[in-house]
Amino acid sequence: MTFDPEAATRTPPKKVIFRVKRYNPETGKTWWDEYEVETYRGMTVLDALLKIKEEIDHTIVMRYSCRMGVCGSCGMIINGMPRLACQTQVAEVATEANPVITIEPLKNHPVLRDLVTDFTAFFEKHRSVKPYTIRKDKEELETGDMEYLMSPEEHKELYEYTLCIACGLCYSACPVAASDERFLGPQALTYVWRYVSDPRDEAWQERLEAVDVEGGPFSCHYAASCSAVCPKMVDPGAAIQRLRSALIKYRLGLYKKKKVAKKATRPAEQVKPKKPLPPEAQPVPGANIEAMEREPPTIPVEQLIA
Amino acid sequence: MSEGTGKVLPNRPGWLASVNPWVLRVVNNPERLAFVLHRLTGLLMALIIMAHIFVTGTPARVGWEAWAEEIAKAQGITVVTLYFFFFAGIAWYHGLNGIRLLLVEFFGTCIGKPEKPKPPYLAPSLKACQRKLLYTVYILWAILWILTGYIVFMG
């Protein structure tokens, strides 16, 4: 999701109407409620919903936790687009010309009540792809005292995929998930590619074979909505295309993992000898840095008072 | 999780809703429109091909002479010419976008390289050359459709 700094610093309309889709599981009834909220600069949609809950309607239900886009709990459809409520400024989505914000629960997730959706199936799919490092030598992984070595380039290849917070926005935006329950979804498939491309993981063959099923990467049609709505710039769309391409190559016998990371050896071998500081970097002319590092200089109290 | 809370509302919009561009209004996502058009043109082509097979099987039922007469009558009819024009549009779009999808989906090309997030936090694949390819598909589609229209109506 693109960040628009201009929109984020804009002042929202004084009064904004929130149209919220409600659902009562006891009666099975769905309806829309409207609330008029007085806004302030910097108000997020989650702030507004909490204000509604505190001051207007105590029965409205939503899920939230961290309020800073880290936990991924407050995903909802705001003005037709899946977004995190805590990361969406009212000023971004409401204008003076149209001061109305429509809020719905995330699509493709069953609704429990109002804006709260059931993530059980979503997390089951996440769990099914084994989202953790697998090594052939399990003992080494369990008892290991050292990290696995990886170059900065290798780290860059998978870093953006590790930022996923499993907020479910990609799954909600996916048109394939909208019609196919078996589809693993952008989030789970991104995790598969994240571990297939991870040099520390050794189960890439098993992972590729496990997703070569109905509902795997071949079900994706690259509408790229997952990448467009991701609040963490994870780019699930690209990850699925990479996974599919790797799977085709693997089935043709052409895919080979670049390298498998080895465990780091003793720390002493990794520590590089310190380079002496250049003369211009010396804090005091003639100061002995090494001696100062060993024992910091003590300044007499009289000198400090003076 | 959902036990004891009464009925859970299934919230899966389904196939028809997935091709409805107004169900979700995702910004900066022309790929979704391309997906919707690709599905619709694919469906239309499948229907047209079935109708085409039915029509071209007519000589077996009515004989070649009657068929030739019917074809001669249909030559100047506007509806038939319009049909050719719209079929060409559907086929051009599906074919051109299909080439783009082959490149992106099967060869994993034109989707950029993974990068560390930085403002304005736009996913690499959304600014990669697949986006340029998509616009090229739309431009080529328009040009080829206009050319086909010229041949169909003027030729």
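Coordinate-derived values only; no laboratory data. Being a predicted model, the structure only gives us computed values, none of them experimental. Don't worry about glycine lacking a Cβ; one is built from the backbone with ideal geometry, like all the others, and counts go over all protein chains shown.
Scan the stretch B:21-39 and give yes if some residue there is closer than 30 Å to residue B:134 by Cα and among the acidic types (Asp, Glu), otherwise no.
The answer is yes, given that some residue of the stretch B:21-39 is closer than 30 Å to residue B:134 by Cα and among the acidic types (Asp, Glu).
Look at the stretch B:5-37 and say how many of its residues are more than 14 Å from the chain's Cα centre (by Cα) and part of a loop (DSSP other than H, G, I, E, B).
16
Over 24 Å from residue A:223 (Cα atoms), among the acidic types (Asp, Glu) and within 18 Å of the chain's Cα centre (by Cα), is that true of residue A:198?
yes
Please list, ordered by first then second residue, the pairs with beta carbon atoms under 6 Å, 6 or more apart or interchain, first in the stretch B:133-152 and within 15 Å of residue B:81 (Cβ to Cβ), second assigned to a helix (DSSP H, G or I) and not hydroxyl-bearing (Ser, Thr, Tyr).
Final answer for the pair search is B:145/B:89; B:145/B:92; B:148/B:88; B:149/B:85; B:152/B:84; B:152/B:85.
Looking only at residues in the stretch B:91-126 that are more than 7 Å from every other protein chain (Cβ to nearest Cβ), part of a loop (DSSP other than H, G, I, E, B) and in contact with a helix residue (DSSP H, G or I) (Cβ under 8 Å, 6 or more places away or on another chain), which one is surrounded by the fewest Cβ atoms within 10 Å (Cβ to Cβ)? If you could, list the steps in order and put the result at the bottom.
In the first step, residues of the stretch B:91-126 are kept if they are more than 7 Å from every other protein chain (Cβ to nearest Cβ); the result is B:91-100, B:102-103, B:109-110, B:113, B:118.
Now drop any that are not part of a loop (DSSP other than H, G, I, E, B), which leaves B:109-110, B:113, B:118.
Right, trim to in contact with a helix residue (DSSP H, G or I) (Cβ under 8 Å, 6 or more places away or on another chain) and you get B:109-110, B:113.
Details: B:109: 16, B:110: 18, B:113: 11.
Across the stretch B:91-126, the extreme among qualifying residues is B:113.
So which residues in the stretch A:226-245 are of a type in the set (Gly, Ala, Ser) and surrounded by fewer than 24 Cβ atoms within 10 Å (Cβ to Cβ), if there are any at all?
Scanning the stretch A:226-245 gives a single hit, A:245.
Answer yes or no: is there a residue in the stretch A:138-160 that is among the polar types (S, T, N, Q) and either within 28 Å of residue A:68 (Cα to Cα) or in contact with a Gly (Cβ under 7 Å, 6 or more places away or on another chain) (or both).
In the first step, residues of the stretch A:138-160 are kept if they are among the polar types (S, T, N, Q); the result is A:143, A:151.
Adding the requirement that they be either within 28 Å of residue A:68 (Cα to Cα) or in contact with a Gly (Cβ under 7 Å, 6 or more places away or on another chain) (or both) leaves none.
For the stretch A:138-160, residues among the polar types (S, T, N, Q) and either within 28 Å of residue A:68 (Cα to Cα) or in contact with a Gly (Cβ under 7 Å, 6 or more places away or on another chain) (or both): absent.
Looking at the stretch A:215-237 only, could you name the residues that are assigned to a helix (DSSP H, G or I) and over 16 Å from residue A:169 (Cα atoms)? Break it down into steps so the answer makes sense when it comes.
Filtering the stretch A:215-237 for residues assigned to a helix (DSSP H, G or I) gives A:217-219, A:225-229, A:236-237.
Scanning the stretch A:215-237 gives A:217, A:218, A:219.
Among the residues of the stretch B:127-148, write down those that are in contact with a helix residue (DSSP H, G or I) (Cβ under 7 Å, 6 or more places away or on another chain) and surrounded by fewer than 17 Cβ atoms within 10 Å (Cβ to Cβ). So that I can check it myself, show each step before the final result.
Narrowing the stretch B:127-148 to residues in contact with a helix residue (DSSP H, G or I) (Cβ under 7 Å, 6 or more places away or on another chain): B:130, B:133-134, B:137, B:140-141, B:144-145, B:148.
B:140 - this is the single residue of the stretch B:127-148 that is in contact with a helix residue (DSSP H, G or I) (Cβ under 7 Å, 6 or more places away or on another chain) and surrounded by fewer than 17 Cβ atoms within 10 Å (Cβ to Cβ).
Got at least one residue in the stretch B:64-86 being in a helix (DSSP H, G or I), within 14 Å of chain A (Cβ to nearest Cβ) and buried (at least 16 other Cβ atoms within 10 Å of the Cβ)?
no
If I filter the stretch A:201-214 down to residues being buried (at least 21 other Cβ atoms within 10 Å of the Cβ) and not charged (D, E, K, R), which single residue comes out as nearest to residue A:169 (Cα to Cα)?
Once the filter is applied, the top-ranked residue is A:211.
Please specify each residue of the stretch A:84-115 satisfying the condition of being of a type in the set (Val, Ile, Thr) and either surrounded by fewer than 16 Cβ atoms within 10 Å (Cβ to Cβ) or out of contact with any Pro (no Cβ under 7 Å at 6 or more places or on another chain) (or both).
Residues of the stretch A:84-115 that are of a type in the set (Val, Ile, Thr), as a first pass: A:88, A:90, A:93, A:95, A:100-103, A:111.
A:88, A:93, A:95, A:100, A:101, A:102, A:103, listed by residue number.
Looking at the stretch B:119-131, is at least one residue under 18 Å from residue B:145 (Cα atoms) and not basic (Lys, Arg)?
Initially, the stretch B:119-131 is screened for residues under 18 Å from residue B:145 (Cα atoms), giving none.
Checked the stretch B:119-131: no residue is under 18 Å from residue B:145 (Cα atoms) and not basic (Lys, Arg).
Find the residue count for the stretch B:10-29, including only residues that are among the aliphatic types (A, V, I, L, M), in contact with a Gly (Cβ under 9 Å, 6 or more places away or on another chain) and under 22 Å from residue A:23 (Cα atoms).
Counting residues in the stretch B:10-29 that are among the aliphatic types (A, V, I, L, M), in contact with a Gly (Cβ under 9 Å, 6 or more places away or on another chain) and under 22 Å from residue A:23 (Cα atoms) gives 2.
Out of A:191, A:222, A:171, A:161, I need the residue that is more than 14 Å from chain B (Cβ to nearest Cβ) and crowded, with 23+ Cβ neighbours inside 10 Å. Which one?
After ruling out the rest, the residue left standing is A:191.
Any residue in the stretch A:233-252 that's more than 7 Å from every other protein chain (Cβ to nearest Cβ) and touching a residue at least 24 places away in the same chain (Cβ under 8 Å): show its pairings with residues that are crowded, with 19+ Cβ neighbours inside 10 Å and not in a helix (DSSP H, G or I) at Cβ separation under 7 Å, as long as the two are six or more apart or on different chains.
From residues that are more than 7 Å from every other protein chain (Cβ to nearest Cβ) and touching a residue at least 24 places away in the same chain (Cβ under 8 Å), the pairs are A:234/A:164; A:236/A:230; A:240/A:220.
Determine whether the stretch A:131-140 contains at least one residue that is in contact with a strand residue (DSSP E or B) (Cβ under 8 Å, 6 or more places away or on another chain) and either crowded, with 16+ Cβ neighbours inside 10 Å or over 19 Å from residue A:190 (Cα atoms) (or both).
Yes, there is a match, as at least one residue in the stretch A:131-140 is in contact with a strand residue (DSSP E or B) (Cβ under 8 Å, 6 or more places away or on another chain) and either crowded, with 16+ Cβ neighbours inside 10 Å or over 19 Å from residue A:190 (Cα atoms) (or both).
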